[in-house]
Amino acid sequence: MDDKTIHDIPSIQELLQQAQAALALKRFADNMKPFQGIFRILGLDINQLASSLDTAEELAKKAENLSQLPDRFNDHFSKLGWIIHQSMKLDIAIEAINQADAGEIHEAEKTLVNYYDPTTVRFWLKQLWRIKAFQPRMRLAELALKDYEDARYHACIPVVIALMDGLVNEVNGGRGFFADDTVLEAWDSIAAHKKGLVELGKIFKQGRNKTRIEQLTIPYRNGIMHGNDLGYDNQLVAAKTWAALFAIGEWAIKVEKGELKAPLPKPKPTFFQTLNQIYLTEKLKKAIDQWTPRKLIVGQDFPKNGAIEDYSEDSPERKLIEFLVLWKQKNYGYMAKCVPVERNKSVNTMPRRIRDIYGIKEFIDFEVKDIEDKALAATEIQTVLKYQSYGRVVEKEYRFRLLYTDDKGKPKEQGKGSWFIINWSYLH
């Protein structure tokens, strides 16, 4: 990849560009106030626009500070066996960086170890389920987590190291995490960067050919798995091993999605397209100000278990029921029309993504427990789903979140978009 620092990756640069664009629009709006009558004819309130951008300068500064954070974290900690990844809490990373800046590197490592407690590990472990190659490894991962909870670090560390290697091996055509020719970079990734997993891999796979009994601070794969590093069994090494697994998960997701390389560049919007977007945004804000949530009662305003036509047209609940009925019919092509197209994916690849996640379950039935409008274009629907999994019937409560957007997930005014299920990929 061409990005020399994590600061250079596209998503961070896009964040900075958006912040600078907001700042430029703020200055434009301030300068255009004498001509507000003309803009009012066009349906744009310049004063209101300027007011809505009052915090643009502050946000631009915050964006710049955040953009530097991944590089600062890795500069301090990668040589110690930690790297930042997308799912890591920012306030924890900031706290650790501040401690390291003050020369309190041991306190910073304690902060990171405390963050990767069993509760956090359990949460992020569940997110790895969306990686197809990790699904058969989940059983051993959960056993390793139980050992971690019970401070049996001697047992959990080798298992997690093996899971890291096996996951990379499966998605990488037979070359594991510790192989010399494994490429651990991916386009637009915080973890899968030359300052991230590439550096971590070099440290973890160092040669360790001599028997050592002193306590380790880094999970050296060769020393641990070959029985030469005998002092590996401690919480610090265990936490670093889990953290590395989650960073590898970020890379593996991109591999399975085919996102290792950059997509074709998109054309930049013209100045007038930007102004038009501002106008639409202002129109949407007015609609939000006038919005009130529906007060729906199960069994009265909607059935808890009905056919598609029993739910109001163009409603989020009707879209969800359509999705569930299609799941029962195993119609993954039409199910894909109920979810937004994933970033850097084409419409044609979505049915396969749906099948990979929903095809492993045999859907039986559903029950709608509650519908709660959270915002003008956001609704959450509590359900109980019944399906067959590996020969046994499972009843699972799940809260679906739907947004009114276009098929790329961008907000749209009513009548110009559709309801889409946003958290469809986390169900299992």
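Which links in LYS61/LYS286; LYS4/LYS261; LYS195/LYS268 stretch past 20 Å when you go from one Cα to the other? All intermediate terms of the calculation are to be shown ahead of the outcome.
Values: LYS61/LYS286 28 Å; LYS4/LYS261 16 Å; LYS195/LYS268 29 Å.
As for pairs spanning more than 20 Å Cα to Cα, those are LYS61/LYS286; LYS195/LYS268.
With a simple spin-label model that places each label point 7 Å from the Cα along the Cα-to-Cβ direction, the separation between LYS61 and GLU372 comes to 3.6 nm.
As a quick test, which of the pairs LYS210/LYS254; LYS254/LYS416; LYS295/LYS369 have an alpha carbon distance above 25 angstrom in this structure? Over 25 Å apart, Cα to Cα: LYS210/LYS254; LYS254/LYS416. With Cα atoms defining each centre, region 232-259 and region 82-96 are spaced 14 Å apart in the structure.
Provide the net charge surrounding LEU216, with neighbours chosen by a C-beta distance below 9 Å and charges set as Lys +1, Arg +1, Asp -1, Glu -1. In short, -2.
Over 32 Å apart: what share of the alpha carbon pairs of region 6-257 falls there, rounded to a whole percent? Kindly include the intermediate steps, with their values, before the conclusion.
On the way: 10099 of 31626 pairs.
That tail contains 32 percent of the Cα-Cα pairs.
Working ranking of peptides 166-176, 75-85 by packing, defined as the average number of other Cβ atoms within 10 Å per residue, highest first, is 75-85, 166-176. Determine the sum of side-chain charges near ALA191: Lys and Arg each +1, Asp and Glu each -1, restricted to other residues whose C-beta is under 12 angstrom from that of ALA191. Charge balance in the 12 Å sphere: -1.
By the count of other C-beta atoms within 10 Å, a proxy for reagent exposure, VAL341, VAL384, VAL368 are ordered fewest to most as VAL384, VAL341, VAL368.
Ellipsoid fit via the Cα gyration tensor, region 148-271: semi-axes of 33, 14, 13 Å, each the root of five times an eigenvalue, largest first. Bridge orientation summary for region 291-426: considering DSSP beta bridges with both residues in this region, about 95 percent are antiparallel.
Grab the Cα-Cα distance for SER11 and GLU142, subtract it from 0.36 nm times how many residues apart they are, and report the gain in nm with one decimal.
Details: separation 131, 0.36 × 131 = 47.16 nm, distance 3.25 nm.
Full-extension gain reported as 43.9 nm.
Label-to-label distance, ASN331 versus ARG399, with points set 7 angstrom from Cα along the beta-carbon direction: 3.0 nm.
Charged neighbours of TYR311, selected by a Cβ distance under 12 Å, balance to -4 (K, R count +1; D, E count -1). Reported value for region 291-426: 103 Å³ per residue, from the convex hull of its C-alpha atoms.
Bear in mind that the values in this text are calculations on the coordinates, not laboratory data. Because the structure is a prediction, the values reported are computed rather than measured. Counting neighbours? That spans all protein chains shown, and the Cβs are built from the backbone with ideal geometry, glycine included.
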